[in-house]
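Worksheet: the structure to be examined is printed underneath.
Read-outs throughout are calculated quantities, based only on the coordinates presented, and are distinct from any laboratory measurement. The structure displayed is predicted, hence computed values, not measured ones. Glycine also receives a Cβ, built like all others from the backbone with ideal geometry; neighbour counts cover every protein chain displayed.
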Amino acid sequence: MLDNGFEHITVLDISEKALEKARIRLGEKAGKVNRVVSDITEFEPDTTFIFRTFKFNWYFNGC
């Protein structure tokens, strides 16, 4: 999204570890992304958001 000119990006995830991995992957661009650790069903924003969702497919070996 950053490469496409989007600004004011906030990423919400219940996993702090996942957000940290994303921060590392972004490198210098990480400062342009706000990270929120929260369960989305309990998140109470203090601003208005336009939501974009991404579908992830999970594959479990041996399950």
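Rounded to whole numbers, the Karplus 3J(HN,Hα) couplings from phi for segment 6-13 are 5, 10, 6, 8, 10, 10, 10, 8 Hz, using 6.51 cos²θ - 1.76 cosθ + 1.60 with θ = phi - 60°, and x at Gly and Pro.
If the reach is capped at under 12 angstrom between alpha carbons, list the aspartates and glutamates near LYS29, excluding any in the same chain fewer than eight residues apart. Reachable aspartates and glutamates: ASP3, GLU7. Remark on VAL11: its backbone amide H falls under 5 Å from those of ASN34, ARG35, VAL36, a criterion applied only to residues 5 or more positions apart or on other chains, H modelled at 1.01 Å from N. Between THR41 and LEU12, full extension at 0.36 nm per residue minus the direct alpha carbon distance yields a gain of 9.3 nm. Across segment 35-40, computed HN-Hα scalar couplings (Karplus, 6.51 cos²θ - 1.76 cosθ + 1.60, θ = phi - 60°) run 10, 10, 9, 6, 7, 4 Hz from first to last residue, x flagging Gly and Pro.
A Förster radius of 35 Å combined with the Cβ-Cβ distance from ILE24 to PHE49 puts the calculated FRET efficiency at roughly 0.90.
The string of couplings for segment 17-27 from the Karplus curve (6.51, -1.76, 1.60, θ = phi - 60°) is 5, 5, 5, 5, 4, 5, 4, 5, 4, 6, x Hz, one whole number per residue in order, with x for Gly and Pro.
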